[in-house]
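Working notes, beginning with the structure itself.
The values are calculated or read from the model by the stated rules, or taken from the named source; none is laboratory data. Owing to the predicted nature of the structure, the values given are computational and were not obtained by experimental measurement. Note: ideal-geometry Cβ built from the backbone for every residue, glycine included; neighbour counts use all protein chains shown. Ligands, DNA and RNA are stripped out before the accessible areas are found, and what is left, the full protein with its side chains, is counted by its heavy atoms. Shrake-Rupley method; radii C 1.70, N 1.55, O 1.52, S 1.80 Å.
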Amino acid sequence: MKLYLYRLSLKTSQQLNVFEPRKLNGERYNREEWLRFIFSKTFTFQHQGNSFFFVPELLVATSIDEEVIVGWVARDRSVVERTAPWDGLALTERQSWQASLLMIDPRHHEDGQKVAFEANNYIGKPDSVIASLFKSDWGMEADGPFSINAYPIIQERSFSVFAETHHGKINQITYDVAVPNMFGSPDDFSKELGVLRDEANVSRVTTRLHSDGVINTDTSQLDEIASHVERGGGKITARTRDGQKYNSAQNAVSEDVDVDGVEPKSKTYWERIKGALDRIF
């Protein structure tokens, strides 16, 4: 099993909504409470025109820390097969379900909340499924107190290595980043994003840099952008004059868990998952 890792950025909605779900005492949910509220029940979301489901896992059946949200992202698929020989081997079609394991640490951390999501070809590309999941309206909770962006955590210095390898050749860089509610970084880029978040109500910033020659990738601001992205704050792509490309999504961090041949509901299965989460969260 391969688990891909993501960071969540939850931006508080500045405009109060009379339909916003509230706690029983009338107070607004904080980030952790909102994530626990949303993922405490089964719901449907749309991805590429298809219906997907989130289904919570009963933690009593696992050895995972009860503070971690555990569930499954599922979709159906039609399976064409044949009947038994004594029934003539006639073609028949039935509905089958596939699911990927999803785990969320909703607790407050300086570097934000993290997500681990199982790669499964039958479910779809992890990045795009995660994007659709966290852009969902979650049924009746569409007027929630936060907008959520989820980006993959990227291998450290992957962009720097590309920039060094193609030094003096890069003429285009595009970045799409979430304004931070985490990291607490003192760098100018994070401060600028914080100002846009607080004063202009911005949740994401997308910028494309072009040069009629080449971009000087040695500048500190580009280092700050790359660092922000690598921690799970966004995505970045780059292109050289001779057509070489960098895409941060292709350098996503993942964790391998050896569960091949292990019964999915067994104690051993969940113990191995727990061992991976102890390293991730």
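On a 28 Å Cα-Cα criterion, which of the cross-link pairs K125/K265; K2/K265; K135/K267 come out too long?
The pairs that break the limit, which is 28 Å between Cα atoms, are K135/K267.
Can you figure out the FRET efficiency of D137 with V195, using R₀ = 30 Å and their beta-carbon distance, to the nearest 0.05?
For R0 = 30 Å, the calculated efficiency reads 0.55.
Over the chain, with every protein chain in place, what whole percent of the accessible area is carbon and sulfur at 1.4 Å, could you tell me?
48
Can you work out the accessible area per residue across region 77-199, with the rest of the protein chains kept in place, probe 1.4 Å, in square angstrom?
50
Take N216, project a point 7 Å from its Cα along the Cβ direction, then tell me which residues of region 151-168 have their backbone nitrogen under 19 Å from it.
160, 163-168
Can you tell me how much longer the chain between T207 and D87 gets when fully stretched, taken as 0.36 nm per residue apart minus their C-alpha distance, in nm with one decimal?
Extra length available between T207 and D87 comes to 37.0 nm.
Is the shape of region 141-261 best called rounded, prolate or oblate, per the rule: a/c under 1.5 gives rounded, else a/b larger than b/c gives prolate, else oblate, with a ≥ b ≥ c the square roots of the Cα gyration tensor eigenvalues?
Verdict is oblate for region 141-261.
Can you run phi through the Karplus equation (6.51, -1.76, 1.60; θ = phi - 60°) for region 241-251 and list ³J(HN,Hα) in whole Hz, with x for Gly and Pro?
Once θ is set to phi - 60°, the couplings for region 241-251 become 4, 9, x, 6, 10, 10, 9, 4, 4, 7, 10 Hz.
Name the residue, out of S248, S128, S100, whose mean-square fluctuation peaks in a Gaussian network model built on the chain with Cα pairs under 10 Å.
S128
Just to be sure I follow the definition: excluding the sites themselves, where is the longest run in the chain that has none of the GluC sites (Glu not before Pro) in a DSSP loop with at most 14 other Cβ atoms within 10 Å?
157-281
Taking 25 Å as R0, compute the FRET efficiency from the Cβ-Cβ separation of E156 and E32 and round it to 0.05.
Calculated transfer efficiency: 0.40.
Could you tell me which trypsin sites (Lys or Arg not before Pro) in region 1-109 are loop residues by DSSP with no more than 13 other beta carbons within 10 angstrom of their beta carbon?
Here the trypsin sites (Lys or Arg not before Pro) that fit, given the DSSP loop and packing criteria, are R22, K23, K41.
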